[in-house]
Amino acid sequence: VLLIFWFYMKPITSMGCFLQMFVINTFLPVESSAFVDLYVAVCIPLHYPSIITVPFVISAAIFILLLSLLATLPTPVLAARLNYYASNVVGNGASISIAKSP
């Protein structure tokens with residue numbers, strides 16, 4: 001994604017696409033899990049220091065990272081095993097000739 005924005009590189013390889021899909025889908029649950037901290041801070045602020053401790057944060061981070069890895073790993077692995085066409089150019093329909101029956 002950064003290569004597209006910084007260097008205007010439009011083509012992407014299949015493995016690059018699968019890697020991008022894996023990284024984006026892995027870190028989306030990790031980012032959204034940060035809202036647990038905000039939820040506890042807003043809803044039960046007096047219990048925040050006893051709930052959100054360093055061991056809890058470490059174990060929750062490891063659990064969420066492993067869960068997101070295991071949930072998103074099969075998609076790019078299985079998609080990479082599929083056979084695709086050599087070209088990703090799709091015709092616009094003007095070059096397709098349809099034979100008319102008499």
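Assuming a viscosity of 1.306 mPa s and a temperature of 10 °C, what translational diffusion coefficient in µm² per second does Stokes-Einstein assign to region 1-48, Rh being the Kirkwood radius over Cα pairs? Working shown, then result.
Details: Rh = 13.5 Å.
This corresponds to a translational diffusion coefficient of 118 µm²/s.
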Checklist entry - When you count, for each residue, the other Cβ atoms within 10 Å and take the mean per peptide, how do 64-77, 32-45, 3-16 rank with the highest first? => result 64-77, 32-45, 3-16
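Let's test the formula: R0 of 30 Å, r as the Cβ-Cβ distance of Leu3 and Ile62. What FRET efficiency results, to the nearest 0.05? The partial results should precede the final answer.
Details: r = 31 Å, r/R0 = 1.03.
It comes to 0.45.
Between Ala41 and Gln20, take the C-beta separation as r, use R0 = 25 Å, and let me know the FRET efficiency to the nearest 0.05.
Working: r = 33 Å, r/R0 = 1.33.
Efficiency computed from Cβ-Cβ geometry: 0.15.
A short reminder: the numbers here are calculations on the coordinates, not readings from a lab. As the structure is a computational prediction, the values presented were derived from the model and not from experiment. For neighbour counting, all protein chains shown are included, and Cβ atoms are generated from backbone atoms with ideal geometry for every residue, glycine included.
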